[in-house]
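The values are calculated or read from the model by the stated rules, or taken from the named source; none is laboratory data. Remember, predicted model here, so these are calculated numbers, not experimental data. All Cβ positions, glycine included, derive from the backbone under ideal geometry; neighbour counts span all protein chains shown. Keep in mind that these areas ignore ligands, DNA and RNA; they rest on the heavy atoms of the full protein, side chains included. Shrake-Rupley method; radii C 1.70, N 1.55, O 1.52, S 1.80 Å.
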Number of protein chains: 2
Amino acid sequence: MAARASSKTSESSDKVSVICRALRRAIIEQALEPGAKLPEDALGERFGVSRTIARHALGQLAAEGLVELRRNRIAVVATPSWQEARDAFDIRIELERLVVRQLAGKLTKAQIAELNAHVDAEDRARGGTDAVSIRLATEFHILLAHMTNSPILVRYVSEVAYRCCLTLSLYSRPHSTECAINEHRAIISALAKGDEAKVMDLMHHHLDSVANRALVAPTPQRGRDLLDILAPYADEVTSNRVVKLPKVARRG
Amino acid sequence: MAARASSKTSESSDKVSVICRALRRAIIEQALEPGAKLPEDALGERFGVSRTIARHALGQLAAEGLVELRRNRIAVVATPSWQEARDAFDIRIELERLVVRQLAGKLTKAQIAELNAHVDAEDRARGGTDAVSIRLATEFHILLAHMTNSPILVRYVSEVAYRCCLTLSLYSRPHSTECAINEHRAIISALAKGDEAKVMDLMHHHLDSVANRALVAPTPQRGRDLLDILAPYADEVTSNRVVKLPKVARRG
DNA sequence: GGACCCCAAACTGCATGCAATTGGAGCGCG
DNA sequence: CGCGCTCCAATTGCATGCAGTTTGGGGTCC
(Lines give C-alpha, C1' and ligand atoms only; values in the text may rest on other atoms or scores of the structure.)
Protein backbone atom coordinates (compact mmCIF):
# COMPACT_ATOMS: atom_id res chain seq x y z
CA MET A 1 0.00 0.00 0.00
CA ALA A 2 1.16 3.47 -0.79
CA ALA A 3 2.32 5.63 2.07
CA ARG A 4 -0.77 7.81 2.46
CA ALA A 5 -2.90 9.05 -0.38
CA SER A 6 -1.58 11.76 -2.65
CA SER A 7 -2.35 15.40 -2.01
CA LYS A 8 -2.01 18.69 -3.73
CA THR A 9 1.31 20.47 -3.48
CA SER A 10 1.60 23.98 -2.13
CA GLU A 11 3.25 27.02 -3.74
CA SER A 12 0.94 28.13 -6.51
CA SER A 13 2.01 30.01 -9.62
CA ASP A 14 2.15 33.52 -8.26
CA LYS A 15 4.83 35.69 -9.68
CA VAL A 16 6.23 35.72 -6.20
CA SER A 17 6.46 31.95 -6.09
CA VAL A 18 8.11 31.83 -9.47
CA ILE A 19 10.81 34.19 -8.32
CA CYS A 20 11.24 32.24 -5.10
CA ARG A 21 11.73 29.02 -6.98
CA ALA A 22 14.21 30.59 -9.36
CA LEU A 23 16.25 32.15 -6.58
CA ARG A 24 16.12 29.00 -4.49
CA ARG A 25 17.50 27.01 -7.32
CA ALA A 26 20.16 29.58 -8.11
CA ILE A 27 21.20 29.50 -4.49
CA ILE A 28 21.41 25.75 -4.09
CA GLU A 29 23.26 25.43 -7.36
CA GLN A 30 25.67 27.98 -5.99
CA ALA A 31 25.16 30.33 -8.88
CA LEU A 32 24.43 32.78 -6.10
CA GLU A 33 27.05 32.41 -3.41
CA PRO A 34 26.44 33.18 0.22
CA GLY A 35 26.79 36.90 0.74
CA ALA A 36 25.72 37.75 -2.81
CA LYS A 37 23.70 40.95 -2.94
CA LEU A 38 20.06 40.83 -4.01
CA PRO A 39 18.80 44.37 -4.65
CA GLU A 40 15.08 44.56 -5.15
CA ASP A 41 15.35 46.70 -8.27
CA ALA A 42 17.71 44.31 -9.97
CA LEU A 43 15.59 41.28 -9.19
CA GLY A 44 12.46 43.03 -10.34
CA GLU A 45 14.04 44.06 -13.57
CA ARG A 46 15.54 40.64 -14.18
CA PHE A 47 12.25 38.82 -13.65
CA GLY A 48 10.10 41.45 -15.27
CA VAL A 49 8.14 42.39 -12.19
CA SER A 50 7.91 45.36 -9.92
CA ARG A 51 10.02 45.88 -6.88
CA THR A 52 7.03 45.09 -4.69
CA ILE A 53 6.98 41.53 -5.92
CA ALA A 54 10.70 41.05 -5.71
CA ARG A 55 10.56 42.36 -2.18
CA HIS A 56 7.82 39.94 -1.26
CA ALA A 57 9.81 37.05 -2.68
CA LEU A 58 12.82 38.08 -0.64
CA GLY A 59 10.60 38.07 2.41
CA GLN A 60 9.58 34.49 1.74
CA LEU A 61 13.14 33.35 1.21
CA ALA A 62 14.17 35.09 4.38
CA ALA A 63 11.46 33.15 6.20
CA GLU A 64 13.10 30.01 4.87
CA GLY A 65 16.50 31.15 6.03
CA LEU A 66 18.05 31.31 2.58
CA VAL A 67 18.26 35.09 2.53
CA GLU A 68 19.25 37.61 5.15
CA LEU A 69 17.21 40.76 5.41
CA ARG A 70 18.44 43.74 7.40
CA ARG A 71 16.44 46.89 7.63
CA ASN A 72 17.36 49.49 5.02
CA ARG A 73 20.07 47.25 3.67
CA ILE A 74 20.40 45.24 0.52
CA ALA A 75 19.27 41.66 1.00
CA VAL A 76 22.00 39.06 0.72
CA VAL A 77 22.16 35.32 0.35
CA ALA A 78 22.45 33.90 3.85
CA THR A 79 25.86 32.99 5.18
CA PRO A 80 25.21 30.60 8.04
CA SER A 81 27.92 30.35 10.65
CA TRP A 82 29.69 27.08 11.12
CA GLN A 83 27.66 26.39 14.23
CA GLU A 84 24.41 27.12 12.44
CA ALA A 85 25.44 24.73 9.73
CA ARG A 86 26.07 22.02 12.30
CA ASP A 87 22.70 22.75 13.90
CA ALA A 88 20.98 22.51 10.56
CA PHE A 89 22.45 19.09 9.96
CA ASP A 90 21.47 17.93 13.43
CA ILE A 91 17.89 18.95 12.81
CA ARG A 92 17.96 17.43 9.38
CA ILE A 93 19.07 14.10 10.78
CA GLU A 94 16.14 13.94 13.14
CA LEU A 95 13.63 14.99 10.50
CA GLU A 96 14.84 12.55 7.91
CA ARG A 97 14.96 9.71 10.39
CA LEU A 98 11.30 10.48 10.92
CA VAL A 99 10.74 10.38 7.17
CA VAL A 100 12.22 6.95 6.66
CA ARG A 101 10.56 5.65 9.81
CA GLN A 102 7.20 6.54 8.33
CA LEU A 103 8.13 5.15 4.96
CA ALA A 104 9.76 1.84 5.86
CA GLY A 105 7.82 -0.99 4.28
CA LYS A 106 5.08 1.29 3.04
CA LEU A 107 6.31 2.24 -0.39
CA THR A 108 4.58 1.08 -3.55
CA LYS A 109 6.57 -0.52 -6.29
CA ALA A 110 6.03 2.56 -8.37
CA GLN A 111 7.50 4.73 -5.66
CA ILE A 112 10.52 2.49 -5.30
CA ALA A 113 10.98 2.64 -9.03
CA GLU A 114 10.78 6.41 -8.90
CA LEU A 115 13.45 6.53 -6.24
CA ASN A 116 15.70 4.20 -8.17
CA ALA A 117 15.21 6.28 -11.28
CA HIS A 118 16.25 9.34 -9.38
CA VAL A 119 19.43 7.72 -8.11
CA ASP A 120 20.14 6.59 -11.65
CA ALA A 121 19.92 10.22 -12.68
CA GLU A 122 22.32 11.11 -9.90
CA ASP A 123 24.65 8.47 -11.24
CA ARG A 124 24.50 9.80 -14.77
CA ALA A 125 25.17 13.30 -13.49
CA ARG A 126 28.43 12.30 -11.87
CA GLY A 127 30.40 13.58 -14.80
CA GLY A 128 28.79 17.00 -14.62
CA THR A 129 29.32 19.89 -12.26
CA ASP A 130 29.27 19.62 -8.50
CA ALA A 131 26.34 22.01 -8.43
CA VAL A 132 24.09 19.61 -10.30
CA SER A 133 25.20 16.65 -8.23
CA ILE A 134 24.44 18.49 -5.05
CA ARG A 135 21.05 19.56 -6.31
CA LEU A 136 20.12 16.04 -7.34
CA ALA A 137 21.29 14.57 -4.05
CA THR A 138 19.20 17.12 -2.20
CA GLU A 139 16.21 16.41 -4.38
CA PHE A 140 16.47 12.73 -3.53
CA HIS A 141 15.86 13.56 0.09
CA ILE A 142 13.02 15.88 -0.76
CA LEU A 143 11.48 13.21 -2.94
CA LEU A 144 11.53 10.87 0.02
CA ALA A 145 9.87 13.49 2.17
CA HIS A 146 7.14 13.94 -0.44
CA MET A 147 6.32 10.28 -0.24
CA THR A 148 5.29 10.63 3.38
CA ASN A 149 2.55 12.89 2.08
CA SER A 150 2.93 15.04 5.11
CA PRO A 151 3.04 18.62 3.83
CA ILE A 152 4.61 19.84 7.04
CA LEU A 153 7.37 17.29 6.89
CA VAL A 154 7.99 18.12 3.25
CA ARG A 155 8.30 21.77 4.11
CA TYR A 156 10.72 21.33 6.94
CA VAL A 157 12.86 18.75 5.21
CA SER A 158 13.05 20.90 2.11
CA GLU A 159 13.97 24.01 4.01
CA VAL A 160 16.61 22.43 6.12
CA ALA A 161 18.04 20.56 3.17
CA TYR A 162 18.34 23.81 1.23
CA ARG A 163 20.07 25.40 4.17
CA CYS A 164 22.48 22.52 4.28
CA CYS A 165 23.21 23.07 0.60
CA LEU A 166 24.08 26.62 1.45
CA THR A 167 26.61 25.49 3.99
CA LEU A 168 28.21 23.25 1.44
CA SER A 169 29.17 26.29 -0.59
CA LEU A 170 30.80 27.76 2.47
CA TYR A 171 32.61 25.02 4.26
CA SER A 172 32.89 22.08 1.94
CA ARG A 173 35.96 20.84 0.19
CA PRO A 174 35.36 19.75 -3.38
CA HIS A 175 33.57 16.61 -2.43
CA SER A 176 33.13 13.17 -3.83
CA THR A 177 29.58 12.13 -4.43
CA GLU A 178 29.90 8.43 -5.28
CA CYS A 179 29.58 7.18 -1.74
CA ALA A 180 26.51 9.32 -1.24
CA ILE A 181 24.91 7.65 -4.23
CA ASN A 182 25.64 4.21 -2.84
CA GLU A 183 24.17 5.25 0.45
CA HIS A 184 21.04 6.41 -1.32
CA ARG A 185 20.72 2.99 -2.91
CA ALA A 186 21.17 1.29 0.43
CA ILE A 187 18.44 3.42 1.91
CA ILE A 188 16.03 2.53 -0.87
CA SER A 189 16.75 -1.13 -0.43
CA ALA A 190 16.21 -1.00 3.33
CA LEU A 191 13.00 0.95 2.81
CA ALA A 192 11.75 -1.70 0.43
CA LYS A 193 12.59 -4.44 2.91
CA GLY A 194 10.71 -2.51 5.57
CA ASP A 195 13.56 -2.67 8.06
CA GLU A 196 12.64 0.38 10.06
CA ALA A 197 15.52 0.34 12.52
CA LYS A 198 18.09 -0.24 9.84
CA VAL A 199 16.87 2.43 7.49
CA MET A 200 16.82 4.98 10.29
CA ASP A 201 20.37 4.08 11.07
CA LEU A 202 21.40 4.26 7.45
CA MET A 203 19.86 7.69 7.07
CA HIS A 204 21.48 8.87 10.26
CA HIS A 205 24.94 7.81 9.21
CA HIS A 206 24.44 8.99 5.67
CA LEU A 207 23.62 12.51 6.76
CA ASP A 208 26.22 12.46 9.47
CA SER A 209 28.91 11.55 7.00
CA VAL A 210 27.73 14.18 4.56
CA ALA A 211 27.89 16.69 7.37
CA ASN A 212 31.34 15.57 8.42
CA ARG A 213 32.63 15.67 4.90
CA ALA A 214 31.11 19.09 4.40
CA LEU A 215 31.79 20.83 7.67
CA VAL A 216 35.46 20.10 7.53
CA ALA A 217 36.48 21.32 10.97
CA PRO A 218 35.54 23.70 13.70
CA THR A 219 38.36 25.90 12.31
CA PRO A 220 37.13 28.95 14.16
CA GLN A 221 38.87 31.28 11.76
CA ARG A 222 36.84 30.16 8.77
CA GLY A 223 33.91 32.13 10.17
CA ARG A 224 34.36 34.03 6.92
CA ASP A 225 33.08 37.24 8.34
CA LEU A 226 34.67 39.79 10.58
CA LEU A 227 31.34 40.51 12.17
CA ASP A 228 30.88 36.88 13.20
CA ILE A 229 34.27 36.81 14.81
CA LEU A 230 33.64 40.03 16.66
CA ALA A 231 30.07 39.21 17.61
CA PRO A 232 30.89 37.79 21.07
CA TYR A 233 32.82 40.95 21.88
CA ALA A 234 29.85 43.12 21.03
CA ASP A 235 27.47 41.48 23.47
CA GLU A 236 27.41 44.30 25.94
CA VAL A 237 26.44 46.79 23.29
CA THR A 238 22.86 47.75 24.04
CA SER A 239 21.74 48.46 20.51
CA ASN A 240 21.13 45.67 18.06
CA ARG A 241 23.78 46.96 15.74
CA VAL A 242 27.45 46.46 16.24
CA VAL A 243 29.22 49.54 17.45
CA LYS A 244 30.75 51.56 14.65
CA LEU A 245 34.39 50.63 14.84
CA PRO A 246 36.03 53.89 15.91
CA LYS A 247 39.16 53.88 13.86
CA VAL A 248 40.89 51.29 16.06
CA ALA A 249 44.00 53.08 17.20
CA ARG A 250 45.61 49.80 18.06
CA ARG A 251 47.71 50.83 20.95
CA GLY A 252 48.38 47.78 23.00
CA MET B 1 28.47 26.64 31.86
CA ALA B 2 25.72 28.19 29.86
CA ALA B 3 24.49 26.33 26.82
CA ARG B 4 26.24 28.32 24.11
CA ALA B 5 26.90 32.02 24.19
CA SER B 6 24.09 34.47 23.69
CA SER B 7 23.17 35.79 20.28
CA LYS B 8 20.93 38.39 18.81
CA THR B 9 17.35 37.41 18.13
CA SER B 10 15.79 37.69 14.71
CA GLU B 11 12.56 39.48 13.70
CA SER B 12 13.34 43.17 13.83
CA SER B 13 10.80 45.90 14.45
CA ASP B 14 9.43 46.31 10.96
CA LYS B 15 5.81 47.15 10.75
CA VAL B 16 5.47 43.80 9.07
CA SER B 17 7.01 41.99 12.01
CA VAL B 18 4.80 43.83 14.46
CA ILE B 19 1.70 42.71 12.62
CA CYS B 20 3.01 39.18 12.38
CA ARG B 21 3.58 39.02 16.11
CA ALA B 22 0.15 40.44 16.84
CA LEU B 23 -1.60 38.00 14.54
CA ARG B 24 0.44 35.08 15.76
CA ARG B 25 -0.55 35.82 19.29
CA ALA B 26 -4.18 36.33 18.36
CA ILE B 27 -4.13 32.99 16.62
CA ILE B 28 -2.51 30.98 19.36
CA GLU B 29 -4.78 32.54 21.95
CA GLN B 30 -7.67 31.48 19.76
CA ALA B 31 -9.00 34.98 19.45
CA LEU B 32 -8.79 34.17 15.77
CA GLU B 33 -10.18 30.74 15.17
CA PRO B 34 -9.13 28.51 12.32
CA GLY B 35 -10.97 29.55 9.21
CA ALA B 36 -11.31 33.16 10.32
CA LYS B 37 -11.03 35.55 7.40
CA LEU B 38 -8.14 37.99 7.23
CA PRO B 39 -8.82 40.60 4.54
CA GLU B 40 -5.84 42.77 3.75
CA ASP B 41 -7.80 46.01 3.96
CA ALA B 42 -9.18 45.21 7.37
CA LEU B 43 -5.81 44.26 8.76
CA GLY B 44 -4.19 47.34 7.30
CA GLU B 45 -6.82 49.59 8.73
CA ARG B 46 -6.74 47.88 12.11
CA PHE B 47 -2.97 48.20 12.42
CA GLY B 48 -2.73 51.59 10.78
CA VAL B 49 -0.68 50.48 7.79
CA SER B 50 -1.25 50.09 4.12
CA ARG B 51 -2.54 46.99 2.48
CA THR B 52 0.93 46.30 1.11
CA ILE B 53 2.26 45.74 4.58
CA ALA B 54 -0.65 43.66 5.74
CA ARG B 55 -0.24 41.56 2.65
CA HIS B 56 3.43 41.04 3.33
CA ALA B 57 2.67 39.99 6.89
CA LEU B 58 0.13 37.47 5.67
CA GLY B 59 2.79 36.09 3.37
CA GLN B 60 5.12 35.55 6.29
CA LEU B 61 2.46 33.84 8.37
CA ALA B 62 1.57 31.66 5.43
CA ALA B 63 5.21 30.64 5.24
CA GLU B 64 4.91 29.59 8.86
CA GLY B 65 1.77 27.61 8.14
CA LEU B 66 -0.49 29.68 10.37
CA VAL B 67 -2.39 31.24 7.50
CA GLU B 68 -3.72 29.83 4.27
CA LEU B 69 -3.32 31.92 1.18
CA ARG B 70 -5.22 31.08 -1.99
CA ARG B 71 -4.89 33.15 -5.08
CA ASN B 72 -7.47 35.89 -5.37
CA ARG B 73 -9.12 34.75 -2.18
CA ILE B 74 -9.31 36.20 1.26
CA ALA B 75 -6.60 34.81 3.51
CA VAL B 76 -7.85 32.66 6.37
CA VAL B 77 -6.38 31.27 9.54
CA ALA B 78 -5.12 27.79 8.71
CA THR B 79 -7.31 24.79 9.51
CA PRO B 80 -4.96 21.84 9.60
CA SER B 81 -6.52 18.47 8.97
CA TRP B 82 -6.44 15.91 11.70
CA GLN B 83 -3.62 14.10 9.96
CA GLU B 84 -1.61 17.29 9.61
CA ALA B 85 -2.10 17.93 13.29
CA ARG B 86 -0.77 14.48 14.12
CA ASP B 87 2.18 15.05 11.78
CA ALA B 88 2.94 18.35 13.45
CA PHE B 89 3.07 16.70 16.83
CA ASP B 90 5.31 13.93 15.53
CA ILE B 91 7.75 16.47 14.19
CA ARG B 92 7.52 18.48 17.34
CA ILE B 93 8.42 15.47 19.45
CA GLU B 94 11.59 14.89 17.49
CA LEU B 95 12.61 18.54 17.54
CA GLU B 96 12.03 18.99 21.23
CA ARG B 97 13.83 15.79 22.08
CA LEU B 98 16.74 17.34 20.27
CA VAL B 99 16.34 20.51 22.33
CA VAL B 100 16.49 18.77 25.68
CA ARG B 101 19.28 16.51 24.49
CA GLN B 102 21.39 19.57 23.79
CA LEU B 103 20.38 21.22 27.03
CA ALA B 104 20.71 18.37 29.52
CA GLY B 105 23.25 19.27 32.15
CA LYS B 106 24.27 22.46 30.38
CA LEU B 107 21.93 24.99 31.91
CA THR B 108 23.14 27.76 34.17
CA LYS B 109 21.48 28.34 37.48
CA ALA B 110 20.04 31.53 36.10
CA GLN B 111 18.47 29.63 33.22
CA ILE B 112 16.98 27.05 35.54
CA ALA B 113 15.59 29.84 37.66
CA GLU B 114 14.08 31.42 34.58
CA LEU B 115 12.41 28.16 33.64
CA ASN B 116 11.06 27.69 37.12
CA ALA B 117 9.76 31.23 37.13
CA HIS B 118 7.95 30.55 33.91
CA VAL B 119 6.28 27.43 35.25
CA ASP B 120 5.31 29.41 38.34
CA ALA B 121 3.60 31.85 36.01
CA GLU B 122 1.82 28.96 34.33
CA ASP B 123 0.71 27.84 37.75
CA ARG B 124 -0.65 31.24 38.66
CA ALA B 125 -2.51 31.42 35.36
CA ARG B 126 -4.42 28.24 36.06
CA GLY B 127 -7.42 30.19 37.19
CA GLY B 128 -7.53 32.23 34.01
CA THR B 129 -8.72 31.38 30.56
CA ASP B 130 -7.59 28.34 28.63
CA ALA B 131 -6.16 30.61 25.98
CA VAL B 132 -3.62 32.08 28.35
CA SER B 133 -2.70 28.70 29.78
CA ILE B 134 -2.11 27.32 26.33
CA ARG B 135 0.00 30.30 25.36
CA LEU B 136 2.13 30.03 28.47
CA ALA B 137 2.61 26.31 28.04
CA THR B 138 3.71 26.88 24.49
CA GLU B 139 6.05 29.64 25.52
CA PHE B 140 7.70 27.30 28.00
CA HIS B 141 8.75 25.10 25.14
CA ILE B 142 9.93 28.03 23.09
CA LEU B 143 11.90 29.29 26.04
CA LEU B 144 13.66 25.97 26.20
CA ALA B 145 14.44 26.14 22.52
CA HIS B 146 15.90 29.61 22.96
CA MET B 147 18.33 28.27 25.52
CA THR B 148 19.95 26.06 22.93
CA ASN B 149 20.95 29.27 21.21
CA SER B 150 20.41 27.64 17.90
CA PRO B 151 18.38 30.11 15.85
CA ILE B 152 17.28 27.40 13.46
CA LEU B 153 16.03 25.18 16.23
CA VAL B 154 14.23 28.11 17.81
CA ARG B 155 12.51 28.84 14.54
CA TYR B 156 11.34 25.35 13.86
CA VAL B 157 10.26 24.62 17.41
CA SER B 158 8.36 27.89 17.54
CA GLU B 159 6.62 27.30 14.25
CA VAL B 160 5.62 23.77 14.93
CA ALA B 161 4.50 24.64 18.44
CA TYR B 162 2.29 27.39 17.08
CA ARG B 163 0.82 25.00 14.59
CA CYS B 164 0.09 22.59 17.38
CA CYS B 165 -1.70 25.37 19.24
CA LEU B 166 -3.85 25.83 16.18
CA THR B 167 -4.87 22.21 16.24
CA LEU B 168 -5.87 22.53 19.87
CA SER B 169 -8.58 24.97 18.86
CA LEU B 170 -9.87 22.48 16.37
CA TYR B 171 -9.71 19.08 17.93
CA SER B 172 -9.22 19.53 21.64
CA ARG B 173 -11.74 18.96 24.33
CA PRO B 174 -11.67 21.57 27.10
CA HIS B 175 -8.47 20.34 28.57
CA SER B 176 -6.87 20.18 31.95
CA THR B 177 -3.50 21.82 32.25
CA GLU B 178 -2.32 20.78 35.70
CA CYS B 179 -0.59 17.63 34.61
CA ALA B 180 1.23 19.52 31.86
CA ILE B 181 2.60 21.87 34.47
CA ASN B 182 3.87 19.00 36.56
CA GLU B 183 5.48 17.52 33.51
CA HIS B 184 7.19 20.82 32.83
CA ARG B 185 8.61 20.77 36.33
CA ALA B 186 9.83 17.22 35.90
CA ILE B 187 11.59 18.20 32.69
CA ILE B 188 13.35 21.10 34.36
CA SER B 189 14.49 18.87 37.16
CA ALA B 190 15.84 16.22 34.81
CA LEU B 191 17.58 18.90 32.76
CA ALA B 192 19.26 20.22 35.88
CA LYS B 193 20.40 16.73 36.84
CA GLY B 194 21.79 16.31 33.35
CA ASP B 195 20.05 13.01 32.77
CA GLU B 196 19.95 13.13 29.01
CA ALA B 197 18.11 9.90 28.36
CA LYS B 198 15.52 10.59 30.97
CA VAL B 199 14.77 14.11 29.90
CA MET B 200 14.36 13.00 26.29
CA ASP B 201 11.90 10.40 27.46
CA LEU B 202 10.05 12.87 29.62
CA MET B 203 9.71 15.31 26.77
CA HIS B 204 8.59 12.57 24.44
CA HIS B 205 5.84 11.40 26.72
CA HIS B 206 4.87 14.90 27.68
CA LEU B 207 4.24 15.90 24.09
CA ASP B 208 2.71 12.58 23.25
CA SER B 209 0.20 12.90 26.05
CA VAL B 210 -0.58 16.47 25.06
CA ALA B 211 -1.15 15.25 21.54
CA ASN B 212 -3.34 12.39 22.67
CA ARG B 213 -5.36 14.61 24.91
CA ALA B 214 -5.74 17.14 22.14
CA LEU B 215 -6.27 15.01 19.08
CA VAL B 216 -9.16 13.16 20.62
CA ALA B 217 -9.78 10.55 17.97
CA PRO B 218 -9.30 9.82 14.32
CA THR B 219 -13.06 10.56 13.94
CA PRO B 220 -12.79 10.81 10.19
CA GLN B 221 -15.91 12.90 9.94
CA ARG B 222 -14.48 15.73 11.96
CA GLY B 223 -12.42 16.69 8.94
CA ARG B 224 -14.50 19.83 9.21
CA ASP B 225 -14.39 20.57 5.56
CA LEU B 226 -16.19 19.09 2.62
CA LEU B 227 -13.16 19.70 0.45
CA ASP B 228 -10.97 17.59 2.70
CA ILE B 229 -13.40 14.72 2.56
CA LEU B 230 -13.64 14.90 -1.20
CA ALA B 231 -9.93 15.45 -1.77
CA PRO B 232 -9.09 11.78 -2.37
CA TYR B 233 -11.81 11.59 -4.99
CA ALA B 234 -10.41 14.53 -6.88
CA ASP B 235 -6.99 13.00 -7.41
CA GLU B 236 -7.38 12.34 -11.09
CA VAL B 237 -8.27 15.93 -11.79
CA THR B 238 -5.35 17.39 -13.70
CA SER B 239 -5.68 20.98 -12.58
CA ASN B 240 -4.53 22.05 -9.17
CA ARG B 241 -7.98 23.20 -8.22
CA VAL B 242 -10.79 20.86 -7.38
CA VAL B 243 -13.23 20.44 -10.21
CA LYS B 244 -16.17 22.77 -9.90
CA LEU B 245 -18.80 20.43 -8.60
CA PRO B 246 -21.20 20.15 -11.55
CA LYS B 247 -24.45 20.03 -9.77
CA VAL B 248 -23.97 16.41 -8.67
CA ALA B 249 -27.06 14.71 -10.00
CA ARG B 250 -26.64 11.96 -7.48
CA ARG B 251 -27.87 9.05 -9.48
CA GLY B 252 -26.45 5.84 -8.05
C1' DG C 1 49.74 60.10 2.41
C1' DG C 2 45.88 59.54 5.26
C1' DA C 3 41.85 60.72 8.15
C1' DC C 4 37.61 63.20 7.99
C1' DC C 5 33.48 65.23 6.02
C1' DC C 6 29.90 66.01 2.94
C1' DC C 7 26.94 65.07 -0.76
C1' DA C 8 24.84 62.57 -4.51
C1' DA C 9 23.47 58.14 -6.08
C1' DA C 10 21.49 53.90 -4.77
C1' DC C 11 18.46 51.55 -2.26
C1' DT C 12 14.82 50.40 0.92
C1' DG C 13 10.07 51.37 3.53
C1' DC C 14 5.74 52.26 2.67
C1' DA C 15 1.29 54.23 0.66
C1' DT C 16 -1.65 54.73 -3.09
C1' DG C 17 -3.89 53.75 -7.50
C1' DC C 18 -5.72 50.80 -11.10
C1' DA C 19 -7.05 46.48 -13.37
C1' DA C 20 -8.67 41.80 -12.70
C1' DT C 21 -11.03 38.34 -10.13
C1' DT C 22 -14.36 36.66 -6.86
C1' DG C 23 -18.64 35.56 -4.53
C1' DG C 24 -22.94 36.61 -3.23
C1' DA C 25 -27.36 39.18 -3.59
C1' DG C 26 -31.06 39.68 -6.43
C1' DC C 27 -33.93 38.03 -10.09
C1' DG C 28 -36.19 35.16 -13.43
C1' DC C 29 -37.59 30.49 -14.65
C1' DG C 30 -38.97 25.91 -14.30
C1' DC D 1 -39.29 25.94 -3.70
C1' DG D 2 -35.06 25.20 -5.81
C1' DC D 3 -31.91 26.10 -9.61
C1' DG D 4 -29.30 28.96 -12.66
C1' DC D 5 -28.05 33.52 -14.35
C1' DT D 6 -26.41 38.29 -14.11
C1' DC D 7 -24.37 41.98 -12.11
C1' DC D 8 -22.04 44.71 -8.59
C1' DA D 9 -19.54 45.46 -4.27
C1' DA D 10 -15.63 43.56 -2.08
C1' DT D 11 -11.21 42.03 -2.49
C1' DT D 12 -6.86 40.71 -4.35
C1' DG D 13 -2.56 41.26 -7.79
C1' DC D 14 0.54 44.32 -9.05
C1' DA D 15 2.99 48.75 -10.51
C1' DT D 16 4.36 53.18 -9.42
C1' DG D 17 5.65 57.21 -6.66
C1' DC D 18 7.62 59.56 -2.73
C1' DA D 19 10.24 59.95 1.51
C1' DG D 20 13.88 58.42 4.42
C1' DT D 21 18.22 55.80 5.00
C1' DT D 22 22.60 53.90 3.65
C1' DT D 23 26.65 53.80 0.77
C1' DG D 24 30.73 55.20 -1.17
C1' DG D 25 33.49 58.48 -3.52
C1' DG D 26 35.69 63.06 -4.05
C1' DG D 27 37.39 67.06 -1.89
C1' DT D 28 39.65 69.13 2.06
C1' DC D 29 42.54 69.68 5.76
C1' DC D 30 46.00 67.92 8.56
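Do you know the relative contact order of segment A:27-167, to the nearest whole percent, from alpha carbon pairs under 8 angstrom that are 6+ apart? It would help to have the intermediate numbers written out before the result.
Values: 141 pairs, mean separation 44.0, N = 141.
Rounded, it is 31 percent for segment A:27-167.
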**OP:** Provide A:109, A:15 ordered by accessible surface of protein heavy atoms (probe 1.4 Å), highest first.
**Re:** A:109, A:15
Original post:
In nm, to one decimal, how far is the residue A:195 label point from the residue B:15 one, both placed 7 Å along Cα→Cβ?
Top reply: 6.0
Original post:
So which of A:15/B:15; A:109/A:193; B:106/B:193; A:198/B:106; A:193/B:198; A:198/B:198 end up more than 21 Å apart by C-alpha?
Top reply: A:15/B:15; A:198/B:106; A:193/B:198; A:198/B:198
Original post:
Which value in nm describes the separation of the simple spin-label points at residue B:109 and residue A:131, placed 7 Å from the Cα toward the beta carbon?
Top reply: 5.6
Subject >> Value in Å of the Kirkwood radius, where segment B:15-77 supplies the Cα pairs that are averaged >> reply: 11.3
Original post:
How far is it, in nm, from the label point at residue B:213 to the one at residue A:51 when both lie 7 Å from their Cα along the line to the Cβ?
Top reply: 5.2
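With solvent modelled as a 1.4 Å probe, how much accessible area in total do chains A and B shield from it at their shared surface, in Å² to the nearest 100? Walk me through the numbers before you get to the answer.
Details: alone 14690 and 14750 Å², together 26360 Å².
Chains A and B together bury roughly 3100 Å² of accessible area.
Rg over Rh of segment A:82-214, using C-alpha atoms and the Kirkwood radius, what does it come to?
On the way: Rg = 13.7 Å, Rh = 14.7 Å.
Radius of gyration over Kirkwood radius for segment A:82-214 works out to 0.94.
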Subject >> Per residue accessible area of segment A:85-154, 1.4 Å probe, in Å² >> reply: 35
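Per residue, what accessible area does segment B:15-77 have, given a 1.4 Å probe and all protein chains present, in Å²? All intermediate terms of the calculation are to be shown ahead of the outcome.
Details: 3310 Å² over 63 residues.
Averaged over the residues of segment B:15-77, the accessible area is 53 Å².
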